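Peer 1: To start, I am sharing the structure in question, which I have written as C-alpha cells.
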Amino acid sequence: PKMIYLKDYQAPDYLIDETHLTFELFEDHTLVHAQLVMRRNPTLSADLPPLVLDGQQLELLSVALDDRELSAADYQLDDSHLTLQPTAASFVIDSSVRIHPESNTALEGLYKSSGMFCTQCEAEGFRKITYYLDRPDVMSKFTTTLSAEQHSYPVLLSNGNPIASGSEEGGRHWATWEDPFMKPAYLFALVAGDLWCVEDQFTTMSQRAVTLRIYVEPENIDKVQHAMDSLKKSMKWDEEVYGREYDLDIFMIVAVNDFNMGAMENKGLNIFNSSCVLAKAETATDAAHQRVEAVVAHEYFHNWSGNRVTCRDWFQLSLKEGFTVFRDSEFSADMNSRTVKRIEDVAYLRTHQFAEDAGPMAHPVRPDAYMEISNFYTLTIYEKGSEVLRMIHTLLGAETFRKGSDLYFARHDGQAVTCDDFVQAMEDASGVDLTQFKRWYTQAGTPRLEASASYDAAANSYRLEFRQSCPATPGQAEKLPFVIPVELALLDAQGRELPLQLVGEEAPVGRSRVLQVTQAEQAFTFINLAEKPLPSLLRGFSAPVKLSFPYDRDQLMFLMQHDSDGFNRWEAGQQLSVQVLQELIGQYQRGEALVLDQRLVAALRSVLQDEQLDQAMVAEMLSLPGEAYLTEISEVADVDAIHAAREFARGELATALFDLLWQRYQANRELSRSTAYIAEFTHFARRSLQNIALSYLVLSGRPEVLAACLEQYEACDNMTERLTALAVLVNSPFESERATTLAAFAEHFKDNPLVMDQWFSVQAGSTLPGGLARVQALMQHPAFTLKNPNKVRALIGAFAGQNLVNFHAADGSGYRFLADQVISLNASNPQIASRQLSPLTRWRKYDDKRQALMKGELERILASGELSSDVYEVVSKSLA
Ligand code: HT7
Ligand code: ZN
C-alpha cells in the first residue's frame, strides 16, 4: 500500500452532475447499472485527460460512452480502476457490474446483515458498488431504483424522497428514490429488507411537516421509542442552538446488526448499528440509553455539518467529525448534566486520546498523510477535533461562535471544503486572528502546561507562570507554541472567587476568566490581592493539555470541597487519588506493606455526606482513576502494581466508608424499587450512585451485601441494575452465586444479541485470575461469532482494552491470543482487525520483557501472509 499526501491534492478532472443507479438484488448476486452524466471540470484546462474511475471487487459486464458500447480495447481495467478516454467535454457513461453482497464480510460497500441488504460507503466503500469518482469533492444528484423479491424484502429504501414504486413479474417489486441535494458518493445508502417501522412527525421552524421513520427487525419494534424521542429533541435543539432546519420531507433511520462503527449519516437514510438505536429499560442500561441519544443526535447533526457542507478530501475529516462531536456533546450537556457530561468526556479523552497522541499512530487533527483512510476515524479526529472546536467557542464566546457557524453554513452550503475554510469563517465573523491557533490542526501530540505561582505579600500581587511544551510525535520532532485558553479563578481561604485584575488593567475583569497562553513561557501578574489565593486552573478543562501545578494534598482536598467550578472539584479529587495511588504503586514495587493516605478516605467521606451534591457527581467523585488512565500517565506502566494498588485502595475505602455507602445504597435501591424506570437524568444519577456504592460494598464480602446484590438482580425492572448486580458478582469471591447468575442471565436473554454482548463484556472484563481461558471458552459459546463486530468488541475488545492484568499476563499469552484474532479478522474484516490491534501498538509503555513479547506478536502478524492495508499500516507504523 502507498502513502497518500495532502500536499498532492488536486481538484477532480471531471464532475458528475447526475448519477442514476439501478440495483437488481438477488440472493446470489446483485446487478448494478450506473448512468453518470459527466463533464470536464470547468475550473481546469479545456483538454480532455483520461477519465479514471475507482472500482474494486467489481465484475464489469458492460460499459458505454454516450450510448456507444465500449470493447476491451477502448478502456484499461485493473484491480482498482477503470480508465477510458472521453471525446467531448460533456458525456454520459453507462456501466453494468455484478457484485456479491451475500459474501461481503468486510461490511463495506453493499452487504447483507441478518438477511437484509444495506450499505456502508464512507469512506471509500462506494467503489465496491460501481465504477465512480469516489471522492468527497465530487458531488452529484442521485436517483436510485432498487428491485428485489417482494416477500423477503418488502421494504426498499434509498436517499431522498420516494417518487415511484411498482411490482414486477416473478414476485419482485421495485422503488425509485430521488435525492434533490448534491452529495458525494460516501453519503449514498440503500436498504432492502423485511423491516417494521415506527413513524412520527416533526414540524420544523418554518412549519414544514417532516415524516420520521425508524426501521428495525420486527422483534425489536418495542425498543425504538427512545431513539425517536432523541431524534425529535435533536431536531429541535439544532434549530434553537444553530438555526439549522431539516431539509427533506422524510428522515429515516435503519438499525442493522452487523456494522463496523456506531452509525452513518447517509442523506435522509441514516444506517445505525442496532446497539445505537435499540433501547428499553429491560434490555438496555442507562449508559446505552445515553449513547443512543448521543449517536442519534450526532448523525442527525451531520445533515448540516457533513452533508450540506462536506469535506473536500479525507484529510479534512475532522471538519465534519470534530465539529459534529462538539455539537453532540453540547446537546447531551443540555439534555443531561453539563458538568457530568464534561467529566465523562474529559476522562475518556485523557485515557484514550492522550494515549493515541503518545503512540505510533499519533497524527494531527488534520493529518498530512495516510495509507488507509479507515484507520483515521480516530479519537484524535473525533475527540480532539471536538476539543479544538470547543477552544474556538471558548475564545470567541457563544454568540460570536454562532455568527461564525452561520457564516460557514451560508458561505459553503453545497460545497466540499477544508478546515481552513471553517476557521476563516470564524475569523471573518469575529475579527479574531486565529493564525497561531491553527497549530492545533497541524501539530500532533498532547501539549504539557506547567504552571507555578508566587505571592508577593508586600505588593499584594500574585504571579502565575506557565511553560508549555509538546513531545515529539512521528514525523514531527519540534513543535511551536500553541494558543492555550486557560480558564481560571483565584480562591480565598473560604473558597470564594476573588476579583481578577491583571497588572495594567484599570479594574478587575470578572472572577473567572480565560487567559491565553501563547508563548513557550509566559507570566501573568494579578494585583490587589490581600491574601495568597489558591488557583483553580483550566476550569471545565478549557484546553486538551496535561496541566501540572504543585498542589499539595490538603489543597486538593480544599478544592474538592470548595471550588465553584464543578469540573474542577472532580478534577481535584482525581489528582488527589492519582497522588495517593502512585504512592501505593511505589510501595507495592518496593515490596512494602501498602498504606492508604487517610486524607483520601476523609475526602470521599465528606463527598458521601454531602446531601446537596448531585448524586451523579457523588458517583463520579467516588470513581477512582481507571487502570488505563494510570497506565497512560506512567512513564513505564507496571500493570500488576497498578492493579494491586487500585484494588487495595478500593478495599480500604469500602471498609472505612461501609456505613455511608450502605445507607446511600439502600436509600437509592428503595427508590428504584418504588418508582418505575425512566430514562431521564435524575434517575440515571440516582442509579449511578447506587451502583458504584454496591461495587464498593461487595468488597467487604459481607453476607448482607451478597443478599442485596441478589435481590437487586432478581427484583429490578431494568438492565442498569441487573447488569451491575451481575458485574459485581462476576468480580466477587461469591463463586457459586456468580456461576448461577451468569447462567440464568444467559438463559433469559439468549435471543437478544445486544444483551448477550453485555454478558460477554462483563466476563471479558473480570480481573480475577484465568481471564484468557474464560475468554477462549466464551468464544465457543453459540452466541459468539467473529463475523459480528459487536461480538468482537464485546469479548476480544473488552478483554484486551479493559482487563489489563489478564491481557498483559507476563507469559505473553494475552498478546498471542490477540494477534491470532487479528490475523483471522484481517482476512474477513480488515477494519475491525485493525481497530482490535491498538492495545499491541502501545508496547513502548511496558517493561522490556513485555515490550519484546508485544513486538514479537506484531512481527508475527506482519509475517502472517497477505495483509490488508488497514492492518499493514498500523503494524508497520507500530514497529517503525
Ligand atoms: N461518519 C461515519 C463514519 C463511519 C465509518 C467510517 C469507516 C468505516 C465505517 C464507518 N461507519 C461509519 C460515522 C460518524 O462519525 O457519524
Ligand atoms: Zn460523525
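Peer 1: What are the lysines whose alpha-carbon lies under 30 Å from the alpha-carbon of Lys532, with same-chain residues fewer than 8 places away excluded?
Peer 2: Partners found: Lys546.
Peer 1: Calculate, in nm to one decimal, what Ser62 and Gln516 gain on full extension: separation in residues at 0.36 nm each, minus their alpha carbon distance.
Peer 2: 157.3 nm
Peer 1: Now, a different point. As I understand it, the dipole of the chain uses +1 on the Cβ of Lys and Arg and -1 on the Cβ of Asp and Glu, about the Cα centre. Which of His33, Phe272, Phe188 lies farthest toward its positive end?
Peer 2: Projecting each Cα onto the dipole axis, the largest value belongs to Phe272.
Peer 1: Once R0 is set to 22 Å, what does the formula 1/(1 + (r/R0)^6) return for the Cβ-Cβ distance between Leu879 and Asp368, expressed as a FRET efficiency to the nearest 0.05?
Peer 2: After rounding, the FRET efficiency stands at 0.60.
Peer 1: Pull up the cross-link candidates among the aspartates and glutamates for Lys403, meaning alpha carbon to alpha carbon under 12 Å and not fewer than 8 places away within one chain.
Peer 2: Qualifying aspartates and glutamates at Cα under 12 Å: Glu427, Asp428.
Peer 1: Neighbour counts of other C-beta atoms within 10 Å: give me Phe807, Phe376 arranged from fewest to most.
Peer 2: Placing the least packed residue first, the sequence is Phe376, Phe807.
Peer 1: Based only on the alpha carbon positions, what is the Kirkwood hydrodynamic radius of the chain, in angstrom?
Peer 2: Every distinct Cα pair counted, the radius reaches 29.1 Å.
Peer 1: Also, I was wondering about something else. I want to check the label-to-label distance for Glu859 and Ser700. Put each point 7 Å from Cα in the C-beta direction and report it in nm to one decimal.
Peer 2: For Glu859 paired with Ser700, the spin-label model returns 5.3 nm.
Peer 1: Same structure again: Apply the a/c threshold of 1.5 to the C-alpha gyration tensor of the range 519-637 and tell me whether it is rounded, prolate or oblate.
Peer 2: oblate
Peer 1: Rounding to the nearest 10 and keeping the result within 0 to 90°, find how far the Cα-based axis of helix 703-715 lies from the longest principal axis of the chain.
Peer 2: 30 degrees
Peer 1: Going 7 Å from the Cα of Arg98 in the Cα-to-Cβ direction, what parts of the range 16-31 have a backbone nitrogen less than 18 Å from that spot?
Peer 2: Under 18 Å, as judged by backbone N against the label point of Arg98, lie 22-31 of the range 16-31.
Peer 1: Test of understanding: ordering Tyr111, Tyr9 by Cβ neighbours within 10 Å, fewest first, what list do you get?
Peer 2: So the ranking, lowest neighbour count to highest, is Tyr9, Tyr111.
Peer 1: Quick one: if you stick a label point 7 Å off each Cα along the C-beta vector at Glu737 and Ser45, how many nm between them?
Peer 2: If labels sit at Glu737 and Ser45, their model points lie 8.0 nm apart.
Peer 1: Going by the alpha-carbon gyration tensor, a ≥ b ≥ c the square roots of its eigenvalues, is the range 348-466 rounded (a/c under 1.5) or, if a/c is not under 1.5, prolate (a/b greater than b/c) versus oblate?
Peer 2: Oblate, since a/c reaches 1.5 and b/c is not below a/b.
Peer 1: When a footprinting reagent is the concern and you count Cβ atoms within 10 Å, what order do Asp614, Asp870 take, fewest first?
Peer 2: Asp614, Asp870
Peer 1: Let me ask something else about it. So what is the relative contact order of the range 9-48, in percent, for Cα pairs below 8 Å that sit 6 or more residues apart?
Peer 2: Once divided by the residue count of the range 9-48, the mean separation gives 43 percent.
Peer 1: Just want to confirm a number: the relative contact order over the range 14-194, from Cα pairs under 8 angstrom separated by 6+ residues, in percent.
Peer 2: This gives 24 percent for the range 14-194.
Peer 1: Turning to a different aspect of this structure: Output the relative contact order of the chain, whole-number percent, from Cα pairs under 8 angstrom with separation of 6+ residues.
Peer 2: Relative contact order here is 8 percent.
Peer 1: Per DSSP helix of 4 or more residues, -39500 (n - 2.57); summed, then divided by the residues of the chain. What does that give at 222 nm, rounded to the nearest 500?
Peer 2: -12000 deg cm²/dmol
Peer 1: Hey, which of these cross-link pairs are over 32 Å Cα-Cα: Lys232/Lys384; Lys128/Lys233; Lys183/Lys233; Lys7/Lys320; Lys438/Lys877?
Peer 2: Lys128/Lys233
Peer 1: Can you classify the range 750-880 as rounded, prolate or oblate using the Cα gyration tensor, where a ≥ b ≥ c are the square roots of its eigenvalues, rounded means a/c under 1.5, and otherwise it's prolate if a/b beats b/c and oblate if not?
Peer 2: Oblate, since a/c reaches 1.5 and b/c is not below a/b.
Peer 1: On to the next question. Give the cross-link partners of Lys141 among the aspartates and glutamates, using a straight C-alpha distance below 13 Å as the criterion and excluding same-chain residues fewer than 8 apart.
Peer 2: Hits, sequence-local ones excluded: Asp17, Glu18, Glu178, Asp179.
Peer 1: Please give the contour-minus-distance gain from Arg844 to Glu866: 0.36 nm per residue of separation, less the Cα-Cα distance, rounded to one decimal in nm.
Peer 2: The Arg844-Glu866 span can extend by a further 5.3 nm.
Peer 1: How would you order 368-374, 76-82, 381-387, 448-454 from highest to lowest mean count of nearby Cβ atoms within 10 Å?
Peer 2: 381-387, 368-374, 448-454, 76-82
Peer 1: With labels modelled as points extended 7 Å from the Cα through the Cβ direction, what inter-label distance (nm, one decimal) is found for Ile527 paired with Met779?
Peer 2: A separation of 6.9 nm, rounded to one decimal place.
Peer 1: Projecting each Cα onto the charge dipole of the range 257-391 (Lys/Arg +1, Asp/Glu -1 at the beta carbon, about the Cα centre), which of Pro360, Phe259, Gly385 comes out farthest on the positive side?
Peer 2: Gly385
Peer 1: So, with +1 on the Cβ of K and R and -1 on the Cβ of D and E, and no other charges, what is the size of the charge dipole of the chain about its Cα centre, to the nearest 20 debye?
Peer 2: Charge dipole of the chain: 1580 debye, to the nearest 20.
Peer 1: Here is a follow-up. Give me the number: length gained by fully extending Glu199 to Tyr348, i.e. 0.36 nm times residue separation minus the C-alpha to C-alpha distance, one decimal in nm.
Peer 2: Fully extending the segment from Glu199 to Tyr348 adds 50.2 nm.
Any read-out appearing in this document is the output of simple, stated calculations on the displayed coordinates, not a laboratory observation. Remember, predicted model here, so these are calculated numbers, not experimental data. With ideal geometry, Cβ positions are generated from the backbone for all residues, glycine too; neighbour counts draw on all protein chains shown.
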